[in-house]
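Take a look at the structure set out below.
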Amino acid sequence: RHGAKQTQCSKEGCTNKALQGGLCIRHGAKVAPKKRCSHKGCGNFTLRGGVCARHGAKQTQCSKEGCTNKALQGGLCIRHGAKVAPK
């Protein structure tokens, strides 16, 4: 990102990005899976405290007075100045 050098997998002939120990996932890099919500029957990813937003993970609100949007960066929502890169 921003000019950083990305390393390639150290296996001969492989051009995938190395993630751990100089290897890509195909050649043995171990990457921990994202955790799922601990609420029974829920398959959403966790946000805080082992639960998703629906089951009680607290999300910070925008710090501007009267705004109830979710804060994304620096305590602000997009409308009030959070700079978020487009997907």
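Structural remarks
- The set of residues in the stretch 58-84 that are in a loop (DSSP other than H, G, I, E, B), touching a strand residue (DSSP E or B) at 6+ places or on another chain (Cβ under 8 Å) and modelled with pLDDT of 85 or more comprises T60, C62, S63, K64, C67, T68, N69, A71, C77.
- Scanning the stretch 35-51 for residues that are open to solvent by less than 90 Å² (accessible area, probe 1.4 Å), hydrophobic (A, V, I, L, M, F, W, C) and touching a helix residue (DSSP H, G or I) at 6+ places or on another chain (Cβ under 9 Å) yields C37, C42.
- Residues satisfying the stated conditions in the stretch 1-10, i.e. open to solvent by 100 Å² or more (accessible area, probe 1.4 Å), modelled with pLDDT of 80 or more and either among the aromatic types (F, W, Y) or assigned to a loop (DSSP other than H, G, I, E, B) (or both): K5, Q6
- Test: residue in the stretch 16-34 that is loosely packed, with under 14 Cβ neighbours inside 10 Å, within 18 Å of the chain's Cα centre (by Cα) and in contact (Cβ under 8 Å) with a residue 12 or more places away in the chain: yes
- With respect to the conditions (1) surrounded by fewer than 14 Cβ atoms within 10 Å (Cβ to Cβ); (2) in contact (Cβ under 8 Å) with a residue 12 or more places away in the chain; (3) in a loop (DSSP other than H, G, I, E, B); (4) not hydroxyl-bearing (S, T, Y), R54 lacks only one, and its number is (3).
The values are calculated or read from the model by the stated rules, or taken from the named source; none is laboratory data. Computed from a predicted model, the values in this text were never measured in an experiment. Glycine gets a Cβ as well: all are built from the backbone with ideal geometry, and neighbour counts include every protein chain shown. For the accessible areas, the whole protein counts, side chains as well, though only heavy atoms, and no ligand, DNA or RNA atoms are used. Shrake-Rupley method; radii C 1.70, N 1.55, O 1.52, S 1.80 Å.
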